[in-house]
Amino acid sequence: MSNAVSALAGRSYSGFSTVREAGLVGMVTLRGDLESPELAVAVLAATGCAVPAQRRRTVAGDWSVCWMSPDELLLVGPYASAPGLVDQLTAALAGQHALAVDVSDARASFRVSGPKAAEVLMKLCPVDFSALEADEVRRTRLAQIAAALWTSGPEEYSLVCFRSVASYAFGVLENAARPGSELFSG
């Protein structure tokens with residue numbers, strides 16, 4: 001059996017902000033009726049998180065649940081727990097029109113941190129970061145690729161994209177974090 005490896009093996013860059021690939025992150029896509037009480041109970045039992053409102057994120061312990069579309073959630077947590085989470089959700093939602101899939105190895109996850117982390121992302125994403133709320137999830141573009149992002153801590157953003165474009169994502173993030181490329185001085 002082979003060992004799992006992240007897309008960029010934890011690559012990082014420190015400029016006026018720090019950009020790092022987050023390593024192995026568990027990600028489960030759950031498709032179904034987000035208004036269903038059965039789905040809400042299954043998500044809460046599996047993660048400790050409530051089903052979030054539109055464009056929001058809920059957090060409990062090691063897990064977060066992100067609203068991705070009217071019928072899709074992204075459950076983010078420990079990599080090793082993702083397969084078991086799929087099994088648990090599949091069993092709990094048997095008979096429901098729902099699908100849980102482990103997408104951990106199909107995605108790459110990044111963290112952008114530091115006092116000017118928002119500046120790095122402002123250069124690449126059409127998002128008003130001054131209006132981004134703490135529990136808000138945005139599906140957007142990162143330069144030329146699809147991505148989702150949210151605030152994951154003080155002066156820190158998490159970003160998820162397809163693994164196939166991880167190198168490109170890191171490259172544009174690194175370039176945007178280079179000293180001398182700040183949007184604002186001070």
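Here are the numbers for this structure:
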read-out	value
Qualifying positions in the stretch 89-148 - buried (at least 19 other Cβ atoms within 10 Å of the Cβ) and of a type in the set (S, T, N, Q)	Ser104, Ser109, Ser113
Matching residues in the stretch 25-52 - criterion: being surrounded by 17 or more Cβ atoms within 10 Å (Cβ to Cβ) and not small (Gly, Ala, Ser)	Val25, Met27, Val28, Thr29, Leu30, Leu34, Leu39, Val43, Thr47, Cys49, Val51, Pro52
Hits in the stretch 56-76 (condition: surrounded by fewer than 16 Cβ atoms within 10 Å (Cβ to Cβ) and not aliphatic (A, V, I, L, M))	Gly61, Asp62, Ser69, Pro70, Asp71, Glu72
Residue ranges of strands (runs of 3 or more DSSP E) in the stretch 16-100 with at least 3 members of a type in the set (Phe, Trp, Tyr)	none
Pairs, first under 11 Å from Ala143 (Cα atoms) in the stretch 170-181, second of a type in the set (A, V, I, L, M) and part of a helix (DSSP H, G or I), C-beta under 8 Å, six or more apart	Leu173/Val120; Ala176/Val120; Ala176/Leu121
Boolean, Val65 is closer than 25 Å to Ala9 by Cβ and in contact with a strand residue (DSSP E or B) (Cβ under 8 Å, 6 or more places away or on another chain)	no
Which numbered condition Arg138 misses (of (1) free of Cβ contacts under 8 Å to residues at least 60 places away in the same chain; (2) within 20 Å of Pro52 (Cα to Cα))	(1)
Test: Ser167 is crowded, with 16+ Cβ neighbours inside 10 Å and either of a type outside the set (D, E, K, R) or closer than 29 Å to Phe16 by Cα (or both)	no
Subset tally (residues that are of a type in the set (D, E, K, R) and assigned to a loop (DSSP other than H, G, I, E, B)) for the stretch 111-161	6
Residue match in the stretch 5-16 (condition: under 14 Å from the mean Cα position of the chain (by Cα) and within 22 Å of Gly114 (Cβ to Cβ))	no
Ala7, sole failed condition from (1) at pLDDT 95 or above; (2) crowded, with 21+ Cβ neighbours inside 10 Å; (3) in a loop (DSSP other than H, G, I, E, B)	(1)
Selection from the stretch 68-105 of residues that are out of contact with any strand residue (DSSP E or B) (no Cβ under 8 Å at 6 or more places or on another chain) and of a type in the set (Asp, Glu)	Asp87, Asp105
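The values are calculated or read from the model by the stated rules, or taken from the named source; none is laboratory data. Because the structure is a prediction, the values reported are computed rather than measured. Methodologically, a virtual Cβ is constructed for each residue, glycine included, from the backbone with ideal geometry; neighbour enumeration extends over all protein chains shown.
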